[in-house]
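Asker: First, the structure itself, so that you have it in front of you.
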Amino acid sequence: MPKEKSNSLSILALQKFKKNFWGVLSFYFIVLCAIIAVFAYVLAPDNSQNANQMHLSIHSKPPGFEVKMLTIPSQDVSDQSFLSKIFFGEKNTDTEIPIDRYTLQNNTIEISPYSEGEVIELSKEIKFERFPKGLTSQEITDTYIKTQTFILGTDKYGRDLLSRMLVGIRISFSIGFVAVLISLILGISLGAIAGYYGGKVDTMIMWLINVTWSIPTLLLVIAITLALGKGFWQVFIAVGLTMWVEVARVVRGQVLSVKQMQYVTAAKSLGFTNFRIITKHILPNSLAPVIVISAANFAGAILIESGLSFLGIGAQPPMPSWGAMIKDHYSYIILGKAYLAIIPGLGIMSLVMAFMLIGNALRDALDVKG
């Protein structure tokens, strides 16, 4: 295909995509989620690693809950680079205590831990020596006692739900990206080989595709996960190894059609290698359906990871995963605190829907007949 014609088709597809309202809206939503995933610890109120600051006295509080929080700085100050704090969270060893009230004594702060009237807590005394030297009592209270607002409330361990949701986006995006990357590498490679060479090679690869396809995806993922062990990267690999078959079938069909074109015959007559013909002439004209499938696979990977985390074999605690958050709180639906399970459920639904809508928009934009 001439370069000018290829460029004109790309511009035409882009123009058609821009006219699709839901596709464009989904694209901007996905970009926003990607930015949040990268800078999650910068945006999260709780920037500790895995947003794992627990305050059991304020567990399961509703959205908008406010409490006074006393922070006692840690004596163990560990060196951590700025980039490490941004991408992996702060190694926070400070002690945070929710309090109802406090009074200043000579060299101490007398506090009443938060109890909401359920249990009468004995007051505690915190000595000034636990704070940096040289600060007056007023400076200590102004710096280390703040009113903290939990915008989405707290989970059953008293952790900030908003922070857990923001950091949890990373899991969903990571699983989608790695799984789709693995599926594209395997699917495009095997599909192109099967379609181009045909014969016994095609038969063998199609047998492998059919065997893999016949196994239910969730069961195959569970088997691979159990074989590799529970963990973050094991789930990524397991999901990726189950998604390549659809890509391979589509690429094989496209290659079977494209390799009959005259420009492929001309390339063979010029003595080009099979590798060059496949990569330079056949695949560039066969990948439009693969782009659409990749968007659907991205959404599918997010759902599978959420399901595995719900079953307890996905991302392991204390790593925040939307599926695990639903698992921890689904029983709260009948206790009048359904938001603890609904909020991560809405997160999964909105992200999956965005990828499905952008997949539909890409399908319409790349449809040559349309």
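Asker: Put one equal scatterer on each alpha carbon of region 249-370, apply the Debye formula with no solvent term, and list log10 I(q)/I(0) at q = 0.20 1/Å to two decimals.
Answerer: Those come out to -1.03, one per q.
Asker: What FRET efficiency comes out for residue 211 versus residue 93 if R0 is 51 angstrom and r is the Cβ-Cβ distance? Round to the nearest 0.05.
Answerer: 0.50
Asker: In deg cm²/dmol and to the nearest 500, what is the mean residue ellipticity at 222 nm of the chain if only DSSP H runs of at least 4 residues count, each as -39500 (n - 2.57), divided by the residue total? Could you put the intermediate results ahead of the total?
Answerer: Details: 14 runs with 209 residues, N = 370.
Taking each H run of at least 4 residues, the total per residue is -18500 deg cm²/dmol.
Asker: What FRET efficiency do you get for residue 202 and residue 104 if R0 is 56 Å and r is their Cβ-Cβ distance, rounded to the nearest 0.05?
Answerer: Taking R0 as 56 Å, the efficiency between residue 202 and residue 104 is 0.10.
Asker: How large is the accessible surface of residue 281 in square angstrom, using a 1.4 angstrom probe and rounding to the nearest 10?
Answerer: Counting only protein heavy atoms, residue 281 exposes about 50 Å² to solvent.
Asker: Another question about this same structure. Compute the separation of the alpha-carbon centres of region 78-104 and region 340-356 and state it in Å as a whole number.
Answerer: Using only Cα atoms, the two centres lie 30 Å from each other.
Asker: Right, something else. Relative to the first principal axis of the alpha-carbon coordinates of the chain, what is the inclination of helix 288-311, with its axis defined by its Cα atoms, in degrees from 0 to 90 and to the nearest 10?
Answerer: Once rounded, the angle reads 40 degrees.
Asker: Round to the nearest 10 and report in Å² the accessible area of residue 100, as given by a 1.4 Å probe over the protein chains' heavy atoms.
Answerer: 60
Asker: How much length is gained if the chain between residue 261 and residue 10 is pulled fully straight, taking 0.36 nm per residue apart and subtracting their Cα-Cα distance, in nm to one decimal?
Answerer: 88.3 nm
Asker: Could you tell me the extents of region 323-362's C-alpha atoms along the three principal axes, largest first, rounded to whole Å?
Answerer: Its Cα atoms span 43, 17, 9 Å along the three principal axes.
Asker: Please list 3J(HN,Hα) in residue order for region 32-43, calculated via the Karplus relation 6.51 cos²θ - 1.76 cosθ + 1.60 where θ = phi - 60°; whole Hz, with x for glycine and proline.
Answerer: Going residue by residue, I get 4, 5, 5, 5, 4, 4, 5, 10, 4, 6, 6, 8 Hz, with x marking Gly and Pro.
Asker: Any chance you could list the semi-axes, whole Å, largest first, of the equivalent ellipsoid that the Cα gyration tensor gives for region 64-115, using √(5λ)?
Answerer: 28, 16, 7
Asker: Could you please state, rounded to a whole Å, how far the C-alpha centre of region 217-256 is from the C-alpha centre of region 298-337?
Answerer: Answer, in whole Å: 20.
Asker: Explain nothing, just the number: relative contact order of region 71-202, from Cα pairs under 8 Å at least 6 residues apart, as a whole percent.
Answerer: 13
Asker: Okay, next question. For region 221-310, what's the relative contact order in percent, using C-alpha pairs closer than 8 Å and at least 6 residues apart?
Answerer: Value for region 221-310: 34 percent.
Asker: How much FRET efficiency would the formula 1/(1 + (r/R0)^6) give for residue 137 and residue 59, where r is the Cβ-Cβ distance and R0 is 25 Å, rounded to 0.05?
Answerer: 0.20
Asker: For residue 90, which sequence-distant residues (separation of 5 or more, or a different chain) have an amide H within less than 5 Å of its own amide H, given hydrogens modelled in the peptide plane?
Answerer: 48, 49
Asker: If you don't mind, another one. If amide hydrogens are placed 1.01 Å from N in the peptide plane, which non-local residues have theirs closer than 5 Å to the one on residue 95?
Answerer: Placed amide hydrogens put 72, 74 under 5 Å from residue 95.
Asker: On to the next question. Roughly what angle does helix 244-258 make with the longest principal axis of the chain, taking Cα atoms, 0 to 90 degrees, to the nearest 10?
Answerer: Compared with the principal axis, the helix lies near 30 degrees.
Asker: For region 22-126, rounded, prolate or oblate, judged on the Cα gyration tensor with a ≥ b ≥ c (square roots of eigenvalues), a/c < 1.5 rounded, else prolate if a/b > b/c?
Answerer: Because a/c hits 1.5 or more and a/b fails to exceed b/c, region 22-126 counts as oblate.
Asker: In whole Å, largest first, what are the principal axis extents of the Cα atoms in region 202-265?
Answerer: 51, 21, 15
Asker: Quantify how much of the Cα-Cα distance distribution of the chain extends past 39 Å, in percent.
Answerer: 35
Asker: List the residues, sorted by chain then number, that are 5 or more residues from residue 154 or on another chain and whose placed amide H is less than 5 Å from its amide H.
Answerer: Residues meeting the criterion, in which the H sits 1.01 Å from N, are 60, 61, 161.
Asker: Sticking with this structure for a sec: For the chain, what relative contact order do you get, as a whole percent, if you take Cα pairs closer than 8 Å and at least 6 residues apart?
Answerer: Details: 558 pairs, mean separation 74.7, N = 370.
Value for the chain: 20 percent.
Asker: A follow-up question, please. Once you sort the root eigenvalues of the Cα gyration tensor of region 151-256 as a ≥ b ≥ c, which label holds: rounded (a/c under 1.5), prolate (a/b larger than b/c) or oblate (the other case)?
Answerer: Judged from the Cα gyration tensor, region 151-256 comes out prolate (a/c at least 1.5, a/b above b/c).
Asker: Filter the cross-link list 18/259; 91/146; 85/337; 61/146; 85/230; 85/133 down to pairs whose alpha-carbon distance in this structure exceeds 23 Å. Intermediate values should be presented prior to the final figure.
Answerer: Values: 18/259 32 Å; 91/146 21 Å; 85/337 33 Å; 61/146 18 Å; 85/230 26 Å; 85/133 26 Å.
Too far apart for the 23 Å limit: 18/259; 85/337; 85/230; 85/133.
Asker: Also, I was wondering about something else. Calculate one ³J(HN,Hα) per residue across region 101-111 by plugging θ = phi - 60° into the Karplus curve 6.51 cos²θ - 1.76 cosθ + 1.60, and present them in order as whole Hz with x for glycine and proline.
Answerer: Here the 3J(HN,Hα) series is 7, 8, 9, 9, 9, 4, 10, 9, 10, 8, 10 Hz.
The values are calculated or read from the model by the stated rules, or taken from the named source; none is laboratory data. What you see is a predicted model, and the numbers here were worked out from it, not measured in a lab. For neighbour counting, all protein chains shown are included, and Cβ atoms are generated from backbone atoms with ideal geometry for every residue, glycine included. For the accessible areas, the whole protein counts, side chains as well, though only heavy atoms, and no ligand, DNA or RNA atoms are used. Shrake-Rupley method; radii C 1.70, N 1.55, O 1.52, S 1.80 Å.
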